Amino acid sequence: MSFWKTSIFVCSIAICIAAGAVPSLAFQTPLGTVTSNRATVQRMTPELLWKLGRIAGAAFNHDGTKVAYAVRKFDLAEDNGITDLHVLDLQEGTDKQLLAGWVGVDSLQWIGKETDETLWFSAMEKRGDSSGMQAWRIPVATWEKQQVSQIPDGIANLKVAPTGQQIAFSRDIKLDQTVNELYPDLPKANARIIDGLMYRHWNAWHDFAWSHLFVAAVNADGTLGTAKDLMEGLQANCPVPPFGGSEQFAWSPDGKELAYTIKNSPRPAESTDTEVFLYTVGSDQPAQLISPEMPGYDNDPAYSPNGRYILFHSMARPGFEADRNRIMIYDRQQKNLREASLGLDQNCQHSQWGPDSETIYFVSEHRGTEQIFSLNAAGHSLRQLTQGAFNWQLFGISADGKTALVGKQNMLRPQELHTLNLGDGADQKITQINDSIYENLTLPKVEERWVEATDGKSIHCWVLHPPEFDPESDVKWPMLTFCQGGPQGQVSQAFSYRWNFHLMASQGYVVLAPNRRGLPGFGREWNDQISGDWGGQAMQDLLSATDNMAKEPYVDRKRMAAVGASFGGYTVYWMMGNHRDRFCTMISHCGVFNLESMYGTTEELFFVNWDLGGPYWETDKAKRDYQRFSPHQFVGNWKTPLLVIHGEKDFRVPVSQGMEAFTAAQTQGVPSRFLYFPEEGHWVMRPQNSVLWQRVFFDWLEKYCKNKS
């Protein structure tokens, strides 16, 4: 898990700037083309980024001969997206489109074998449909779609029992009263009465409802029986917000039991304690807790194919959301619990059983990448199955255990689907979603770099060079030091649709992206060093990496900028008062500026309690750390031009943080601009908002970095 770690048109966006004329927001050049003093080449632009198709889900059928996958596409002019659903027949080499232009399609699952094979999914066909997402299925025998559910207001997180006779899903159930319901004689009163924390979370206020898990039988005619709320009356959520999905519950192979995750802490803002329960379908008995006395995150249960075992992920330390993610095994016969990943110095994520009920496959951060591993549930026998400078995603394993359906991406290209031979590690690309776009693009160049830290340890960095970069040339390039968020979130080979390194390099910048102290993929000691030391070694790592790159003859030392979001935005604010003239400009998106006011306005207090040592008033050490690590303590040193970006609906790092930073810059006469999004949260999600973000971002860099004399 990661802390900062998801129809509005541009006219709804307010941009606050320093006094003076507003420069044009038109991007510098036409779509896909950039003119330089050397040549005219085709390269990535913000607009082109939104033309790329995105894998929105994928699933193997039983024998691995068919792949269902969804592709999400966006219309920049309409400011929204649509989804298509396809089925690849790997034996015949055909690609059949089943749905085109639907509002949303997810939760893809294959049920049954051969002639009884059926593809299940949840979907909404038309925009504005008040019925929301519903359960659908398409039998392979006819390829005709059938709507299964008609639940008022729709469902989420569909999961079908392996027998196909029942489904599970989540729905929001209103349990809390509004002010107007409490005081019906005041129908026009507009207020909230708040008696506890977590009254708003991530990007939304508590809407008086809770996400509950339901089970319903599938009748012979394809309709649903009465849905049963497994959490009736409980003020708790399954899945657990803000990022939990259908991975947080699972059916037993015989469809008689359901394992699911609940967070039911009396102090949810201060606790990471989630628990795994077992429910016997049709029973009136309370669900059984199988993760007792485990105070950290426990989630993502999965049954072994033989039904004997349940694996789930678990973090040992309470309140530490970036603790090592372990694999726990619950034996349903012996009623005992053990760790299968004991002794591993790495995270285990997206874990799945192999068909032998002995092998477990999982994804883990590894030296700036995400790789697929396997281990034996009885005793490690750890194997790394994938290689290379890529991020791999695991979608499913074939019934014979020989092949996996995987996603593969890097910083330069978004994810495509591949099959992976689990014996020799060979992979084969099976989709070409964005090939037609990439065949005309000139790409940046990516390299790894290791830099010595001030304490003698080695810092891993990714470096991207512009498409026209020539190491033998005497051309000097401007450089961007990327400050990672998280704070515990690896700089990997992910293709981001927001902070896109391909796009940055294509606009004529060398991009330096260090895996500074406090990131996974390099052992737990490296990961844990950020906690309690925000302004310490992690900042020195970034400065060491910057200084090392600045020695390269092709880097222009007078044109170096620092950019980052979330904890990376905090880093930028901290650097503003401590960088000692290294950078010519800085950009902070949704960054933490004042640690004390942040503590009083953020929602998940367990994070700041762990990473900052508790409330700022509680201990002498906490008081000292808040003082020495808070960027607002160093504003007297500010003189570097600063672009501040923040969203009104960011409740993780509230918008007041950006406002405070902008005020500090303005009152001191520091060249500064505030890009404010009233309808966005921690991430900028709408297509036109995102393109505007990129245009303002690069306009600022053009003025204060690239064209700096």
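The values are calculated or read from the model by the stated rules, or taken from the named source; none is laboratory data. Everything numeric in this text was worked out from a predicted model, so none of it was measured. Every residue, glycine as well, gets a Cβ built from its backbone with ideal geometry; the counts of neighbours run over all protein chains shown. Surface areas here come from the heavy atoms of the whole protein model, side chains and all, with no ligands, DNA or RNA. Shrake-Rupley method; radii C 1.70, N 1.55, O 1.52, S 1.80 Å.
Structure note, pairs Lys256/Lys649; Lys408/Lys551; Lys402/Lys457; Lys145/Lys228: Cα-Cα distances above 32 angstrom occur for Lys256/Lys649; Lys408/Lys551; Lys402/Lys457. Residue ranking by accessible heavy-atom surface, 1.4 Å probe, largest first, among Ile194, Ile530 comes out as Ile194, Ile530. Rounded to the nearest 20, the Cβ-based charge dipole of the chain about its Cα centre (Lys and Arg +1, Asp and Glu -1) stands at 1800 debye.
Separation of region 691-709 and region 220-299, taken as the distance between their Cα centroids, equals 48 angstrom.
The residue among Ile193, Asn500, Ile155 whose Cα reaches farthest toward the positive pole of the charge dipole of the chain, with charges on the beta-carbon of Lys, Arg, Asp and Glu, is Asn500. Glu447 sits with roughly 70 Å² accessible to a 1.4 Å probe, with DNA, RNA and ligands left out of the calculation.
If you take the C-alpha gyration tensor of region 392-520, multiply each eigenvalue by 5 and take the square root, what semi-axes do you get, largest first, in whole Å? Walk me through the numbers on the way to the answer.
On the way: eigenvalues 181, 89, 33 Å².
The equivalent ellipsoid of region 392-520 has semi-axes of 30, 21, 13 Å.
With one equal scatterer per alpha carbon and no solvent term, the Debye-computed log10 I(q)/I(0) for region 125-245 at 0.11 1/Å reads -0.50.
Packing-wise, with mean Cβ within 10 Å as the measure, how do 69-78, 46-55 rank, highest first? The partial results should precede the final answer.
Numbers: 69-78: 17.0, 46-55: 18.5.
Descending packing order for the listed peptides: 46-55, 69-78.
Among DSSP beta bridges whose residues both lie in the chain, state the antiparallel percentage, nearest 5.
Details: 126 of 151 bridges.
If we restrict to bridges inside the chain, about 85 percent are antiparallel.
The loop-placed chymotrypsin sites (Phe, Trp or Tyr not before Pro) in region 168-214, going by DSSP, that have at most 16 neighbouring Cβ atoms within 10 Å of their Cβ come out as Tyr199, Phe208.
Return the carbon/sulfur percentage of the accessible area of the chain, one whole number, probe 1.4 Å, all protein chains in place. Don't jump to the answer; show the numbers that get you there.
Numbers: 13620 of 28720 Å².
Result for the chain: 47 percent of the exposed heavy-atom area is carbon or sulfur.
A simple rule links phi to the HN-Hα coupling: the Karplus curve 6.51 cos²θ - 1.76 cosθ + 1.60 with θ = phi - 60°, which for region 99-110 gives 9, 9, x, 6, 5, x, 9, 7, 6, 6, 8, 9 Hz, with x for Gly and Pro. Below 14 angstrom from the Cβ of Arg624, what's the summed charge of the other residues (Lys, Arg +1; Asp, Glu -1)? It works out to a net charge of -2. For region 583-624, the convex hull spanned by the alpha carbon atoms encloses 96 Å³ per residue. Coupling constants for region 610-622 follow from the phi torsions by the Karplus curve (6.51 cos²θ - 1.76 cosθ + 1.60, θ = phi - 60°), and in residue order they are 6, 6, 10, x, x, x, 5, 9, 7, 10, 4, 5, 4 Hz; glycine and proline get x. When each of the peptides 174-182, 374-382 is scored by how many other beta carbons lie within 10 Å of its residues on average, the order from highest to lowest is 374-382, 174-182. Across q = 0.10 Å⁻¹, the chain modelled as identical point scatterers on its alpha-carbon atoms has Debye log10 I(q)/I(0) values of -1.05, in the order of the q list.
Taking the convex hull of the alpha carbon positions in region 352-462 and averaging its projected area over all directions gives 9.1 nm². At 222 nm, what value in deg cm²/dmol follows for the chain if DSSP H runs of at least 4 each add -39500 (n - 2.57) and the sum is divided by all its residues, to the nearest 500? For the chain, the value works out to -3500 deg cm²/dmol.
Heavy atoms of the protein chains alone define the surface here; on that basis the chain has 41 Å² accessible area per residue at 1.4 Å probe size.
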